[in-house]
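Student: The structure's right below; bear with me while I get my questions together.
Only the coordinates and a few stated rules stand behind these numbers; no lab work does. Because the structure is predicted, anything quoted here is derived from the model rather than measured. All Cβ positions, glycine included, derive from the backbone under ideal geometry; neighbour counts span all protein chains shown.
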Amino acid sequence: MDGNGRWAKERGKERIYGHFEGVESVRAVMEAGVEWKIPYISFFAFSEENWGRPEAEVSALMDLMGRAMLQELDTFNAHDVRFMVLGNRDRLSEALKADIDQVTAATAGNRGLTMILFLSYSGQWDILQAAEKMAHDLINHPGQAVRPEDLSRHLVTAGIPDPDLLIRTSGEKRISNYLLWQTAYTEFVFTDTLWPDFRREAFRQALEEFASRDRRFGKIK
Ligand code: IPE
Ligand code: MG
């Protein structure tokens, strides 16, 4: 969800104003996803690297996320949305972890859209923590052949299908340490639209572009 700061700057406002407006885009994309029966939508909300931003912006973002998820709880349940947060929990405040646990538990039985917020997440961190667990398994089963699935099931995304489509907003053309392992065959759509302007119509256009792709997964037709 990139481009919130630039969106605010263009309007002569503080960066946090862009983050507030970005929450409206999350809501719009979630509602469209429910309507279009998309099974999973993930949002990259905050990376491990984002901890290096000024303390005021970090705490404003953490506050905003805690408040937004509590505010949306009724909407999640009304739309049968299952909410989850994935990332490095060690770095989150006790208050935010309590909010996450509350909203996760309250929506755990929902069977419609699964909405995942990646928070304090980085792809390299995920692969490392999975590799550590896999190494532990191997100590108990030395010499055992290691397959990609053996790493996958230790990633924080275990049990969740790899993404079909990754939408990168705000004109950037890099993966920025997002789902490095899981995007092996993901289709990428790039748009100059800044995240706060990414609403239903922008989402529809990205899906249309995705639908026109010829996916061969390394094979031939
Ligand atoms: C939102 O956009 C991404 C978050 C880390 C919340 P940015 O805050 O990176 O906005 P730009 O890139 O400065 O425009
Ligand atoms: Mg940015």
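Student: Near Lys97, which aspartates and glutamates are there with a Cα under 20 Å away, not counting those fewer than 8 places off in the same chain?
Tutor: Once the sequence-local aspartates and glutamates are set aside, what remains near Lys97 is Glu48, Glu49, Glu55, Glu57, Asp63, Glu72, Asp74, Asp126.
Student: Would you order Lys37, Lys13 from fewest to most other beta-carbon atoms within 10 Å of each residue's own beta-carbon?
Tutor: Ascending number of Cβ neighbours within 10 Å: Lys37, Lys13.
Student: Follow-up. Which of Asp63, Asp192 comes first, and how do the rest follow, when ranked by fewest Cβ neighbours within 10 Å?
Tutor: Listed from fewest to most nearby Cβ atoms, that is Asp192, Asp63.
Student: How many nm is it between the label spots at Thr75 and Tyr40, if each spot is 7 Å from the Cα in line with the beta carbon?
Tutor: If labels sit at Thr75 and Tyr40, their model points lie 2.3 nm apart.
Student: Can you tell me which of Val146, Val103, Val189 moves the most in a GNM of the chain? Springs connect C-alpha atoms under 10 Å apart.
Tutor: Val146
Student: If you don't mind, another one. Taking 7 Å along the Cα-to-C-beta vector as the label spot, tell me the Ala184-Glu24 distance in nanometres, rounded to one decimal.
Tutor: 4.1 nm
Student: Is there a quick way to get the dipole size of the chain? I mean about its Cα centre, with the Cβ of Lys and Arg at +1 and of Asp and Glu at -1; what is the value in debye to the nearest 20?
Tutor: Roughly 540 debye for the chain.
Student: With unit charges on the beta carbons (Lys and Arg positive, Asp and Glu negative) and the dipole taken about the Cα centre of the chain, which residue among Thr193, Ala78, Gly66 sits farthest to the positive side?
Tutor: With unit charges placed on the Cβ atoms, the residue in question is Thr193.
Student: Now a separate question. I'd like the chymotrypsin sites (Phe, Trp or Tyr not before Pro) in the stretch 165-221 restricted to DSSP loop residues with at most 14 other Cβ atoms within 10 Å, sorted by number.
Tutor: Sparse-neighbourhood loop chymotrypsin sites (Phe, Trp or Tyr not before Pro): Tyr185, Phe217.
Student: Here's a follow-up. Setting aside same-chain residues fewer than 8 positions from Lys219, which lysines have a Cα under 26 Å from its Cα?
Tutor: Lys173
Student: On to the next question. Testing the spin-label approximation: label points 7 Å from Cα along Cα→Cβ at Lys9 and Arg200. State their distance in nm.
Tutor: Here the answer is 3.1 nm between the modelled labels.
Student: Can you give the FRET efficiency to the nearest 0.05 for Glu57 and Ile220, using r as the Cβ-Cβ distance and R₀ = 41 Å?
Tutor: After rounding to 0.05, the efficiency reads 0.30.
Student: Can you list residues from other chains, or at least 5 along the same chain, whose modelled amide H is less than 5 Å from the amide H of Glu187?
Tutor: Leu165, Leu166
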